[in-house]
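Chemist: Handing you a structure now.
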Amino acid sequence: MSTYALSNAHFVLPGRVMDDGYLTVVDGHFGSWQAQEPACEIVDCGGRWVAPGFVDTHIHGFYNHATTDCDAEGINISSAELVRRGTTSWIPTTFTEAPENIRAACAAIAEADEVRGAEFMGARIQGIYLEGPFFTQKHVGAQNPAFLIDPAYDLYADWQQAAGGRIVKSALAPEHDGSIEYISALAAEGIVTSIGHSDATFEQALAAVNAGTTCFTHTYNGMRGLHHRDPGIVGCAMVTPETYAEVIADGHHVMPAAVEALVRAKGWDHVVLITDCLGCGGMPAGEYMSGGLPVVMRDGACYLRDGSSLAGSVAVMCDVVKNVYDWNIVSAEQAIRMGTEVAARSAHIDDRCGSIVPGRHADFVILNNDLTLAETYLGGVRVPLSE
């Protein structure tokens with residue numbers, strides 16, 4: 001592949017935004033940023049933003065394919081469609097199902113990762129996220145209540161074996177028996193645990209953090225909320241400064257003022273923008289199945305068919321990044337970092353994605369000044385955007 005350099009851009013680099021200079025791309029990998037013009041092809045970016053490709057750390061599928069389908073080809077179709085919308089890395093996320101079905105989903109994700117060749121143009125699979133089945137009935141949301149169980153390390157180990165070691169994150173309700181032991185065991189292996197779909201008290205949530213939990217699953221949604229005499233899980237998320245709080249900033253799951261309150265409490269650099277997108281994301285409005293439950297997609301969101309709960313989002317990362325900027329919660333730079341380096345750091349995958357670092361795959365986006373997506377590059381190659 002040829003060497004080229006990007007110029008005339010706001011470069012979102014690990015240290016700071018550089019508003020001039022040149023960023024080289026060499027054989028599909030990032031070179032270095034430099035002030036002097038290099039002796040290679042120069043690509044003028046028109047004064048727009050050049051940022052790392054978006055990293056979605058909580059997403060169940062896309063374009064009518066979901067992890068619950070246990071279909072490697074479908075996972076790769078999701079990947080191919082996600083990259084056309086600016087997401088260059090993702091962590092396929094499972095649902096609460098029977099243990100054998102979760103194992104099959106992990107195996108299918110691993111297969112999808114293994115069979116794609118060097119020329120495959122799709123978002124890179126950077127791990128697997130187990131959302132369930134260790135949740136509580138009270139905040140089950142769109143998870144299937146028939147398969148709720150207590151945490152068990154043996155189950156995780158079996159799923160991890162099927163995943164080929166790709167599991168990087170596991171969500172649970174810490175009020176369950178065995179939770180502290182489960183959290184501690186996974187923390188010892190460097191696996192992120194996250195509190196979600198839980199009615200834990202503030203004290204129970206804090207005990208989980210002290211045992212090694214470092215994240216909160218779609219904060220506000222599916223958890224005991226904040227009350228002045230009962231701070232709950234939301235309160236714990238807000239006052240534990242080294243933890244990360246996911247938030248679905250699609251304008252349906254959490255209102256802008258609540259997103260702003262979370263950002264002010266934790267700081268933007270510990271709030272993770274996620275989509276929680278379902279397999280029907282990218283599809284027309286209508287009825288679908290998600291996690292074994294019937295759902296209805298309408299008005300830019302997805303609901304359980306009985307209307308009892310939101311089922312998940314149908315947003316993509318470029319949407320939620322733009323939203324927090326449009327809502328005047330954070331600056332453009334901060335919004336971009338929340339959907340790239342902060343997301344990667346929260347899932348312990350920041351050694352491979354989320355930042356423009358020399359030697360890494362040149363996965364990046366070019367954004368207009370209003371943060372709409374203009375171009376996506378994967379491995380230094382321009383990807384056609386979705387229509």
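Chemist: If I filter the range 69-85 for residues that are under 22 Å from residue 284 (Cβ atoms) and assigned to a strand (DSSP E or B), do I get at least one hit?
Modeler: No: the range 69-85 contains no residue that is under 22 Å from residue 284 (Cβ atoms) and assigned to a strand (DSSP E or B).
Chemist: Further question on the same structure: From the list 43, 17, 26, 50, pick out the single residue that is buried (at least 17 other Cβ atoms within 10 Å of the Cβ), closer than 19 Å to residue 87 by Cα and among the β-branched types (Val, Ile, Thr).
Modeler: Matching residue, one of 43, 17, 26, 50: 50.
Chemist: Here is a follow-up. Which residues, counting only those in the range 1-17, are touching a helix residue (DSSP H, G or I) at 6+ places or on another chain (Cβ under 8 Å) and without any contact (Cβ under 8 Å) to a residue 24 or more places away in the chain?
Modeler: Answer for the range 1-17, where residues must be touching a helix residue (DSSP H, G or I) at 6+ places or on another chain (Cβ under 8 Å) and without any contact (Cβ under 8 Å) to a residue 24 or more places away in the chain: there is none.
Chemist: If you scan the range 108-139, which residues turn out to be surrounded by fewer than 18 Cβ atoms within 10 Å (Cβ to Cβ) and outside any helix (DSSP H, G or I)?
Modeler: Answer for the range 108-139, where residues must be surrounded by fewer than 18 Cβ atoms within 10 Å (Cβ to Cβ) and outside any helix (DSSP H, G or I): 117, 118, 119, 120, 121, 137, 138.
Chemist: Another question about this same structure. For the range 51-67, does any single residue satisfy the condition of being assigned to a helix (DSSP H, G or I) and in contact (Cβ under 8 Å) with a residue 12 or more places away in the chain?
Modeler: Yes: one or more hits.
Chemist: Separate question: Would you check which residues across the range 150-189 are under 22 Å from residue 108 (Cα atoms), part of a loop (DSSP other than H, G, I, E, B) and among the charged types (D, E, K, R) and list them?
Modeler: 166
Chemist: Which members of the range 190-220 meet the condition of being crowded, with 24+ Cβ neighbours inside 10 Å and either part of a loop (DSSP other than H, G, I, E, B) or hydroxyl-bearing (Ser, Thr, Tyr) (or both)?
Modeler: Selection gives 193, 194, 196, 197, 198, 200, 213, 217, 218, 219.
Chemist: Would you check if there is a residue in the range 119-135 being over 18 Å from the mean Cα position of the chain (by Cα) and among the polar types (S, T, N, Q)?
Modeler: No: the range 119-135 contains no residue that is over 18 Å from the mean Cα position of the chain (by Cα) and among the polar types (S, T, N, Q).
Chemist: Pick from the range 320-355 the residues that are hydroxyl-bearing (Ser, Thr, Tyr) and in contact with a strand residue (DSSP E or B) (Cβ under 7 Å, 6 or more places away or on another chain): which of them is surrounded by the fewest Cβ atoms within 10 Å (Cβ to Cβ)?
Modeler: 355
We did not get these values from a lab; they are worked out from the coordinates using the rules stated. Computed from a prediction, not measured in an experiment: that's the story for all the values here. For neighbour counting, all protein chains shown are included, and Cβ atoms are generated from backbone atoms with ideal geometry for every residue, glycine included.
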